[in-house]
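Notes follow once the structure below has been shown.
The values are calculated or read from the model by the stated rules, or taken from the named source; none is laboratory data. Note that the structure is a prediction, hence the values are computed from the model and not measured. Cβ: placed from backbone, ideal geometry, glycine included. Neighbour counts: every protein chain shown.
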Amino acid sequence: SGKRIRALVDTGATHSFITQGTLGKLRHSPIHSSKSTAHLADQNTSLKILGEVKLNIRVNDVTTPITALVVKSLNADFILGGNWCHDTGARIEYDKQQVSIRSYYGRSYIPYDKQIDTLALDLKLLNSVSIPPRESIVVQAKLDLSSAQFAYFYPDIDLQQSKCISMPSALLKIDKYSTFLEIYNPTEFSRTLYKNATLGQVTYTPPNVANFDAFENSASLNRTSPSVNSIITSSTSTPGVTFDKLTDHLNDPSQKQQIRQILNNHAQIFDISKITQARTNIRHTINTGDSLPISSCSYPKTIQQRREMQEEIPKMMQNGQIRPSNSPWSSPVIIHKKKDGGIRFLVDYRKLNCVTKKDSFPQP
C-alpha cells in the first residue's frame, strides 16, 4: 500500500510477525483467525497469535509475498523472520552494518537503521484501589509484556497532578504480564484510582536487539559535581598487580622485599577484584522532617546506557551494594564511563539534600 514501516530482521525467528496496530495502517488481505501461541527465544515470553495475514513486502527494488503472524504488541512493529530470510536469500553483513537480499540485478543492499526505538507500553491498574491519607500502598498493574527482568517505568504526570498522588520512576520486574509498584497519597483525603487507569509507560530494550548510540549523553548535570553520589563497578585488578605498582619506585631489593611482605600480610585490604563492604551495626538515617516524598524524573539515556544498567544492576544487587525498594522517594541516575572501561553510577541527590535536616553535632 506504499506505506513505509520499520522492520527488524530476526534470523532466529521461524516466522514473521506484525503488530495489530501496524497492520491497521496498511491495506491487506483478510486475516485468518488463530488461537495459537508463539514462544520467544528466551523461553519465558509468550505471544498470543491473533491470526495470519498475507502481505507483499517491497525492499528497495525487490517485492516478495510473505505470511506474517499478527500479534497485539511486540518489541518491533514488524519482524522479518526465517521464512522471509529464506525466500529472499537474506544475508546480514555485520562488518558493513547492512542486510543484502537477492534481486534481479544481483544483490540489493539495505543499511542498518541506527535510530532504534525501545518498546513502550502503557501500564494499567489491575484493580480499583483506595489510598488512605498520607499513606502509600503497593498495587498490581498489567501491561502487554509477558516477562522482563528489568523494565523502566515513567509515571503519568497528568494522573499524578489530577489525583494528587506520587509515583516514582522505577525499575520494574515483569512476570506473567503484571508487575507491582508503590503509590503514595500525600494529601489529607483518600484518593481512589479505578481499574484500567493508565499509571504511566514502561519502556523495555530486549537484550538481543542490536543497537547503536543515536545521541551523545544529554544529562544536564556536571559529571564532577560533588553533590552527586556514585557507585563504582568492580575492577579486575589483583593484589599482586597493586603491590607491583606500590613498590615499583623502590630500588633497594631488600626494602622492596620487606614492604612486599607487609603488604602480603594485609592482602585482603588491597584486593579490589571483588566488591567488599565494611561491617557495622550503625543504621544510617536521613532526617527529612515532615517533608513530602520527592520523586525526580529520570534523565534521558541512550539504548546502550540502558543496556549497561540492565547488566550492572543485577551484579550490584548480588554484591549487596543496592537492594530492591518500594518507596515514593527516588533520585535520577547517570551512567558515566571510566577510563578503564568500567561504569560509574552517579545519583543526583540535590533535591533530597534541600529537604535534609543538617546534623547539629560539633565538628571534631
Within the stretch 129-137, can one find any residue that is touching a strand residue (DSSP E or B) at 6+ places or on another chain (Cβ under 9 Å), closer than 24 Å to residue 18 by Cβ and outside any loop (DSSP other than H, G, I, E, B)? no
Residue 70 passes all but one of (1) surrounded by 14 or more Cβ atoms within 10 Å (Cβ to Cβ); (2) farther than 26 Å from residue 202 by Cα; (3) at pLDDT 85 or above; which number fails? (2)
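Quick check on residue 315: is it part of a loop (DSSP other than H, G, I, E, B) and not assigned by TED's automatic domain parsing to the domain that holds residue 171? Walk me through it before giving the result.
Details: part of a loop (DSSP other than H, G, I, E, B): no; not assigned by TED's automatic domain parsing to the domain that holds residue 171: yes.
Taking the combined requirement at face value, the residue does not satisfy it.
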Kindly provide the set of residues from the stretch 340-358 that are exposed (fewer than 11 other Cβ atoms within 10 Å of the Cβ) and either touching a residue at least 40 places away in the same chain (Cβ under 8 Å) or in the same structural domain as residue 171 (by TED's automatic domain parsing) (or both), ordered by number. 340, 357
For the stretch 30-47, enumerate the residues that are at pLDDT below 80 and surrounded by 13 or more Cβ atoms within 10 Å (Cβ to Cβ). 34, 38, 40, 42, 44, 45, 46, 47
Would you be able to tell me the number of residues in the stretch 247-275 that are assigned to a helix (DSSP H, G or I), loosely packed, with under 14 Cβ neighbours inside 10 Å and modelled with pLDDT under 80? 3
Leading residue by the ranking (modelled with the highest pLDDT) among those in the stretch 1-28 that are loosely packed, with under 11 Cβ neighbours inside 10 Å and farther than 18 Å from residue 82 by Cα: 24
Would you mention how many residues in the stretch 125-172 are touching a residue at least 24 places away in the same chain (Cβ under 8 Å) and either under 24 Å from residue 189 (Cβ atoms) or aliphatic (A, V, I, L, M) (or both)? 33
Over the stretch 150-208, the set of residues of a type in the set (Gly, Ala, Ser) and assigned to a strand (DSSP E or B) is 151, 166, 170, 178, 200
Hey, can you tell me all the residues within the stretch 318-339 that are surrounded by 12 or more Cβ atoms within 10 Å (Cβ to Cβ) and without any contact (Cβ under 8 Å) to a residue 24 or more places away in the chain? 337
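Looking only at the stretch 8-32, count every residue that is aliphatic (A, V, I, L, M) and either on the phi > 0 side of the Ramachandran plot or part of a strand (DSSP E or B) (or both) and tell me the total.
So the first thing to find is which residues in the stretch 8-32 are aliphatic (A, V, I, L, M), and the list is 8-9, 13, 18, 23, 26, 31.
If we keep only those that are either on the phi > 0 side of the Ramachandran plot or part of a strand (DSSP E or B) (or both) as well, we get 8-9, 18.
Looking only at that region, the number is 3.
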